[in-house]
Amino acid sequence: MLAWRDLLDASALAVHRPGCATVSVTPRSPAGTFPPAEAGRLHDAALARLRAALPGEVAHRTLEAPTGPVTLLVIAAEARRVKRACLRMEEHDAVGELTDADVVLPVPLSRADLGRPPRPCLLCEQPAKRCVVLRRHPRELVVQAARHLYARAFRDSPGLVPPAGPHRPYPTPPHHRDPYRSCA
């Protein structure tokens, strides 16, 4: 994992341009959640949304990570503006909820840098990082939640979302029920 991180950092430095913001667009689900075609479809949808919200791409590089494709986009815009667009995508649709879009250069910008709370877990209200580190939820439930969001994003129900039943219910987390959020 550290070797992958080093490769990503070196690639970001190689494509970055002065006066621009470099964004890392990565999947936000456990490795193997989606078959390659679905992972690619999700990744392409996230890139299309960011490119529409942030004209001015000057370079990009896509790498294949253990969790799926990772793209570095270099945008001719101020980093905070780019991060705000990334947050809008992450917070307002299912594609964004399954994607991390992080400004990594010229300086990394976090949600906290823009006064935003940490991203919620796909299953509960707790910060996602805390749930991942503490392994609060069984992997199967996280995968099921990610597949549910994928189906909502692309309106694909057959085959991706297991039917809810008494032994495997899928509760919709409260942050997905917010009437001001559109996850469709």
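The values are calculated or read from the model by the stated rules, or taken from the named source; none is laboratory data. Owing to the predicted nature of the structure, the values given are computational and were not obtained by experimental measurement. For neighbour counting, all protein chains shown are included, and Cβ atoms are generated from backbone atoms with ideal geometry for every residue, glycine included. In case anyone asks, the SASA skips ligands and DNA or RNA and just uses the protein heavy atoms, side chains included. Shrake-Rupley method; radii C 1.70, N 1.55, O 1.52, S 1.80 Å.
A few comments on the model shown:
- The length gained by stretching the chain between Arg80 and Ala151 to full extension, at 0.36 nm per residue less their Cα-Cα distance, is 22.5 nm.
- Backbone N under 18 Å from the Glu64 label point (7 Å along Cα→Cβ), restricted to segment 25-52: 26-27, 31-44
- Expressed as a whole percent, the proportion of Cα-Cα pairs in segment 31-81 lying more than 19 Å apart is 32%.
- Integer Hz, Karplus 6.51/-1.76/1.60 couplings in order for segment 64-74, x for Gly and Pro: 9, 9, x, 9, x, x, 10, 10, 9, 9, 10
- Two-site FRET efficiency, Ala37 against Asp102, from Cβ-Cβ distance with R₀ of 22 Å, rounded to 0.05: 0.35
- Segment 1-103, accessible surface, carbon-and-sulfur percent (1.4 angstrom probe): 58
- Approximating the spin labels as points 7 Å out from Cα along Cα→Cβ, the Leu2-to-Glu140 distance works out to 3.4 nm.
- Pairwise centroid distance, computed over Cα atoms, of segment 1-70 with segment 100-155, Å: 16
- Segment 1-101: C-alpha gyration tensor shape, a/c 1.5 cut-off, then a/b vs b/c: oblate
- For segment 1-82, the solvent-accessible area of protein heavy atoms averages 49 Å² per residue (probe radius 1.4 Å; ligands and nucleic acids excluded).
- The label-point distance for Arg88 and Ala10, in a model that sets each label 7 Å from Cα toward Cβ, rounds to 3.6 nm.
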